[in-house]
Amino acid sequence: MKKRRVESIRWHDGRLLLLDQRDLPTAENWVEMPGIEAIHGAISDLLIRGAPAIGIAAAYGCVLAAAHRVADTSAWHGDLDRLIEARPTAVNLRWAIERMRATVADGSTPGAALADLERAACKIHSDDLAANQEMARAGASYLAPGSRVLTHCNTGSLATAGVGTALGVIVRAWHEGRLKSVHACETRPWLQGLRLTAWELAREQVPCNMLVESAAASLLQAREIDWVITGADRIAANGDVANKIGTLMLAVLARHFGARMMVVAPRSTVDPDTADGRQIQIEHRPADEIWSSAGIAGGLPGIGAFNPVFDVTPARLIDLIVTEGGVLRPPYEQAISGLFGAL
Ligand code: MRU
């Protein structure tokens with residue numbers, strides 16, 4: 001019997017539960033978030049991760065913060081400002097928090113404000129679920145029968161409210177009989193691919209081959225891949241895409257070896273206020289994340305680390321950007337302003 005689709009966020013009766021992604025695939029532990037401080041910790045420690053998922057968790061965090069602050073709106077705004085800082089690259093975090101801020105009408109009573117906030121957070125959650133479905137449908141339709149795809153990081157149900165972005169396209173395309181093969185990078189150093197994508201694909205009964213990122217050049221050189229398909233953490237107004245470190249390498253390889261590059265992301269990941277990729281702040285994480293992936297706690301004396309966890313792929317290396325509002329093609333500046341103009 002097919003298992004239930006994976007979820008990472010549950011909101012019920014004013015309580016927020018998150019699936020601890022640090023423990024997967026070994027254990028499925030749900031953790032209750034008592035308030036916004038806990039959510040800040042969960043986002044910065046990667047208990048919850050993936051751009052849309054952290055936006056949704058933060059939206060519920062705004063509700064919990066409001067419930068605790070009752071009538072102190074300036075303290076509430078301070079809590080929200082700090083939450084925005086938890087992870088700087090994924091724009092969905094700021095987008096969701098700003099949307100929650102804009103929900104509270106001037107002069108509304110604390111009770112009414114709380115009800116409005118809960119409704120707004122649930123809508124951010126359900127809109128993402130619907131967007132996932134539309135992106136999966138649209139993206140899969142571009143994959144000719146027999147396509148061979150390569151993906152990176154984890155962009156599935158764990159990272160979103162629904163079937164995912166890039167992984168949603170892949171799972172759907174597999175079940176529609178369009179795919180000959182699926183490859184996924186392990187995604188160093190945190191191993192989102194090996195621990196999370198492999199787990200999701202196994203549950204969806206989609207066969208997949210894992211590879212270390214450094215094997216990607218050989219795979220593409222052997223002409224074994226037609227499409228590289230990834231998600232995004234922020235898409236600038238000119239179509240430059242910030243995504244998990246290693247995406248740029250795959251995009252360069254794809255262009256060099258004649259494969260195509262598809263980026264799948266909801267409108268909430270597109271940031272018309274960021275002109276191009278040079279303005280995107282790239283998150284760097286502690287050296288220990290690299291050492292602990294090899295089981296060497298604390299590292300070795302005198303050895304530092306270069307650990308940016310995102311990179312920026314220039315728009316010119318991207319063939320398609322699939323959103324729930326339409327499939328964008330170059331020139332992206334016009335396509336992206338059309339996407340927002342159409343709202
Ligand atoms: O550091 P992470 O695991 O939060 O990074 C996630 C990614 O880079 C994903 O590709 C991106 O958030 C899109 S997820 C639908």
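Bear in mind these aren't lab numbers, they're just calculated from the coordinates by the rules spelled out. In this text, all values refer to a predicted model and were calculated from it rather than measured experimentally. Cβ atoms come from the backbone with ideal geometry, glycine included; neighbour counts cover every protein chain shown.
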Amide H of Gly246: which non-local residues (sequence gap of 5 or more, or other chain) have their own amide H closer than 5 Å, using H built in the peptide plane?
Asp311
What does the charge count near Ala136 come to, summing +1 for each Lys or Arg and -1 for each Asp or Glu among other residues with Cβ under 14 Å from its Cβ?
-2
³J(HN,Hα), Karplus 6.51/-1.76/1.60, whole Hz, each residue of the stretch 147-157, x for Gly, Pro
5, 10, 10, 10, 10, 9, 6, 10, 10, x, 5
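Below 12 angstrom from the Cβ of Asp13, what's the summed charge of the other residues (Lys, Arg +1; Asp, Glu -1)? Show your work: numbers first, answer last.
Working: positive: Arg10, Arg15; negative: Glu32, Glu118.
Cβ neighbours under 12 Å give a net charge of 0.
In debye, nearest 20: dipole of the stretch 133-341 around its Cα centre with unit charges on the Cβ of K, R (+) and D, E (-)?
On the way: 18 positive and 20 negative charges, 104 e Å.
Roughly 500 debye, rounded to the nearest 20.
Could you work out the equivalent-ellipsoid semi-axes for the stretch 133-341, taking the square root of 5 times each eigenvalue of the Cα gyration tensor, largest first, in whole Å?
Values for the stretch 133-341, descending: 26, 22, 16 Å.
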Can you tell me which of Val241, Val263, Val212 moves the most in a GNM of the chain? Springs connect C-alpha atoms under 10 Å apart.
Val212
Given the peptides 167-173, 306-312, 247-253, arrange them by the average over their residues of other C-beta atoms within 10 Å, most packed first.
167-173, 247-253, 306-312
Ordered by residue, what ³J(HN,Hα) values in Hz, to whole numbers, does the stretch 111-116 give under the Karplus form 6.51 cos²θ - 1.76 cosθ + 1.60, where θ = phi - 60° and Gly and Pro are x?
x, 5, 4, 5, 5, 5
How much length, in nm to one decimal, is gained on full extension between Glu224 and Phe257, taken as 0.36 nm per residue of separation minus their Cα-Cα distance?
10.9 nm
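Let's test the formula: R0 of 22 Å, r as the Cβ-Cβ distance of His77 and Ser44. What FRET efficiency results, to the nearest 0.05?
Numbers: r = 20 Å, r/R0 = 0.90.
Computed FRET efficiency for His77 and Ser44 comes out at 0.65.
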Whole angstrom only: what separates the Cα centroid of the stretch 16-88 from the Cα centroid of the stretch 255-301?
21 Å
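Take every DSSP beta bridge whose two residues both sit in the chain, then give the antiparallel share in percent to the nearest 5.
On the way: 18 of 38 bridges.
Here the antiparallel bridges make up roughly 45 percent for the chain.
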Of the residues Arg188, Arg223, Arg260, which exhibits the maximal mean-square fluctuation in a Gaussian network model of the chain defined by a 10 Å Cα contact cut-off?
Arg223
Between Ala67 and Glu333, what FRET efficiency follows from the Cβ-Cβ distance if R0 is 25 Å, with the result rounded to 0.05?
0.05
Inter-probe distance in nm under a simple model that places probes 7 Å from Cα toward Cβ, at Ala115 and His12:
2.4 nm
Quick query: amide H of Val322 versus all other amide H atoms, modeled in the peptide plane; which residues come in under 5 Å with a sequence gap of 5 or more or a different chain?
Val263, Val264, Ala265, Leu328
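Considering only the other residues whose Cβ falls under 12 Å of the Cβ of Gly231, what net charge follows from Lys and Arg at +1 and Asp and Glu at -1?
Working: positive: Arg49, Arg234, Lys244; negative: Asp233.
The answer is +2.
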If I fit a long axis through the Cα atoms of helix 91-103 and take the longest principal axis of the Cα atoms of the chain, what angle between them do I get, 0 to 90°, rounded to 10?
30 degrees
Restricting to DSSP loop positions (anything but H, G, I, E, B) with no more than 14 other Cβ atoms inside 10 Å of their own Cβ, which GluC sites (Glu not before Pro) remain in the stretch 72-119?
Glu85
